[in-house]
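To start, the structure itself, in structure tokens.
No lab work stands behind these numbers, since they all come straight from the coordinates. These numbers were taken from a predicted model, which means no experiment stands behind them. Positions of Cβ are backbone-derived with ideal geometry, glycine not excepted, and every protein chain shown enters the neighbour counts.
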């Protein structure tokens with residue numbers, strides 16, 4: 001049995017399989033994920049697990065070099081926006097319209113669904129490397 005970190009077998013496998021520049025998503029409970037994109041559905045019920053809990057666990061095991069947020073988060077979910085900005089303070093980012101973010105889910109390797117029920121808590125992350133390039 002794995003001793004620490006992410007113990008969800010599907011999620012651990014997906015993270016271990018990430019290559020440099022590959023995209024993946026952490027989403028709320030309602031984000032539509034395109035057919036063909038692997039979905040790790042962690043949602044249990046409304047609010048469980050939270051977006052923050054999942055992001056924190058993923059960042060313990062993943063190098064992230066860039067991320068995308070829906071520009072709507074700026075007005076509709078300031079609390080979560082500040083959490084993301086603080087947590088990923090050293091990582092460059094870009095704001096795009098929510099509809100564009102949804103369209104971009106067609107290019108992600110996998111998606112992690114949380115139980116989050118707040119507006120626009122969806123993030124596309126780009127994997128980095130743990131050595132200098």
Packing-based exposure ordering (other Cβ within 10 Å, fewest first) of 25, 1: 1, 25
If packing is taken as the average count of other Cβ atoms within 10 Å, what order do 100-106, 122-128, 68-74 fall into, highest mean first? 122-128, 68-74, 100-106
Grab every C-alpha pair in the chain, bin the distances at 10 angstrom width from 0 up to the longest one, and report whole percents. 12, 47, 35, 5, 0
Calculate, for residue 35 and residue 76, the FRET efficiency according to 1/(1 + (r/R0)^6) with r their C-beta to C-beta distance and R0 25 Å; round to the nearest 0.05. 0.35
If you average the sequence gap of Cα pairs under 8 Å that are 6 or more apart and divide by the length of the range 21-127, what percent do you get for the contact order? 58
If you take every DSSP beta bridge fully contained in the chain, what fraction is antiparallel? Give it as a percent rounded to 5. 45
Pick from 108, 26, 96: which is most flexible by mean-square fluctuation in a GNM of the chain where alpha carbon atoms under 10 Å apart are linked? 96
